[in-house]
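Here is the structure we will look at.
Only the coordinates and a few stated rules stand behind these numbers; no lab work does. Small disclaimer: the values here were computed from a predicted structure and weren't measured. Because the Cβ atoms are built from the backbone with ideal geometry, glycine has one as well, and the counts that use them run over all protein chains shown.
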Amino acid sequence: MDQRPIGVFDSGLGGLTAVRELCRLLPGEDVVYFGDTGRVPYGSRSQETIIKYARQDVAFLRTFDLKAILIACGTVSTTALDVLSAENPIPVMGVVEPAARAAARLTRSGNIGLIGTQTSVRSGAYERAIQAENPAARVTGQPCPLFVPLVENGRFRPGDIVIETVAAEYLAPLKAAGVDTLVLGCTHYPLLEEVIAACMGPGVALVSAGAEGARAAADFLRARGALSGRADGGACRFFVSDRQEDFARLASIFLGRDVTEAVELTDISQY
Ligand code: DGL
């Protein structure tokens, strides 16, 4: 048994899609979350900058005595997982392989769509991971760079004409390709799940990288006997690098409980 918290981070709100699943699966675990709201989005930045930011995010989280870190960010997972794993003595897990496994399991036709940030799609990491699971799979990738800023600004609800217009344009090539499974390869995108599902239609299975990453992390910790042993009562602390109130408001909506008191500000440039 291990009472230490699990560290989770993302460039902003997106990693909450992993936290929500982690708390559902493991209600007895403590979680420390960092959302880099002062520097979001990461997905259009260079590899060097993403690695630099991710190292600072991990250095901040490691000021807590953690048992493991979940990179709840597709962009950091596709760009910096190996670097972060090699540099840290605790397990560091990403979202790419878990999402790829789920997509390979769900597809019937082998025709899989991938949406993510420019960096994630360009990296080819999801494609490689999907093809490692199912060599016959065809992957059609589509970057959706406007999704993250829209989500961070609370524009994720069905009926919002801006997000619906942007989604229709981004998703058109994937509909035309006839994919039967769509990987939401950026952890922000499950906040748009209803909008994306309505656009893609009922025959397309959606895979949330955040939720799959959380499931894999839960399985990993359980298999190592590293859970807290508590059935419930786990606490979540949230840290952000800017706009604490905006984060608290949107996080409370998404998590379905008021987390305002649990959100704190940190100066990430110190780490
Ligand atoms: N949630 C991050 C991801 O999964 C968003 C990246 C960004 O900040 O652009 O890729």
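Testing the spin-label approximation: label points 7 Å from Cα along Cα→Cβ at Arg4 and Ser269. State their distance in nm.
The modelled label-to-label distance comes out at 3.0 nm.
Rounded to whole Å and sorted largest first, what semi-axes of the equivalent ellipsoid does the C-alpha gyration tensor of segment 14-130 yield via the square root of 5 times each eigenvalue?
24, 19, 13
Within a 10 angstrom radius of the beta carbon, how do Val263, Val151, Val76 rank from fewest other beta carbons to most?
On the way: Val263 21, Val151 25, Val76 30.
Least to most surrounded, the residues fall as Val263, Val151, Val76.
Would you grab the residues whose amide H sits under 5 Å from the one on Thr187? Only those 5+ places off in sequence or on another chain, please, with H modelled 1.01 Å from N.
Here the answer is Gly74, Thr75, since their amide H atoms fall under 5 Å of that of Thr187.
How high is the relative contact order of segment 1-137, in percent, counting Cα pairs under 8 Å that sit 6 or more residues apart?
The normalised contact order for segment 1-137 reaches 25 percent.
Going by amide H atoms built from the backbone, whose H comes under 5 Å of the H on Cys236, apart from near neighbours?
Close amide H contacts, sequence-distant or interchain: Val31.
Along the charge dipole of the chain, which of Ala102, Gln142, Leu184 sits closest to the positive end, that is, farthest toward it, with unit charges on the beta carbon of Lys, Arg, Asp and Glu (+1, +1, -1, -1)?
Of Ala102, Gln142, Leu184, it is Ala102.
Quick one: check the C-alpha center-to-center distance for segment 37-82 versus segment 196-271, whole angstrom.
15 Å
Ratio of alpha-carbon Rg to the 2.2 N^0.38 Å globular estimate for segment 207-271, to two decimals, please.
Values: Rg = 14.9 Å, N = 65, 2.2 N^0.38 = 10.7 Å.
Against the empirical 2.2 N^0.38 Å value, I get 1.38 for segment 207-271.
From zero outward in steps of 10 Å, how is the percent of C-alpha pairs of segment 118-271 spread across the bins?
Per 10 Å bin, starting at 0, the Cα pair percentages come out as 9, 30, 33, 23, 5.
In segment 1-75, how does Rg compare with the Kirkwood Rh, expressed as the Rg/Rh ratio over alpha carbon atoms?
Value, to two decimals: 0.99.
Helices from the chain with mean Kyte-Doolittle at least 1.0 and a Cα length along the axis of 18 Å or more, per DSSP H: which?
Helices meeting the span and hydropathy rule in the chain are 161-177.
Name the long-range amide H neighbours of Leu227: under 5 Å, sequence gap of 5 or more, or other chain; modelled H, no Pro or chain starts.
Here the answer is Asp2, since their amide H atoms fall under 5 Å of that of Leu227.
Can you check how the C-alpha radius of gyration of the chain compares to 2.2 N^0.38 Å, as a plain ratio? Show your work: numbers first, answer last.
On the way: Rg = 17.4 Å, N = 271, 2.2 N^0.38 = 18.5 Å.
With N residues counted in the chain, Rg over 2.2 N^0.38 Å equals 0.94.
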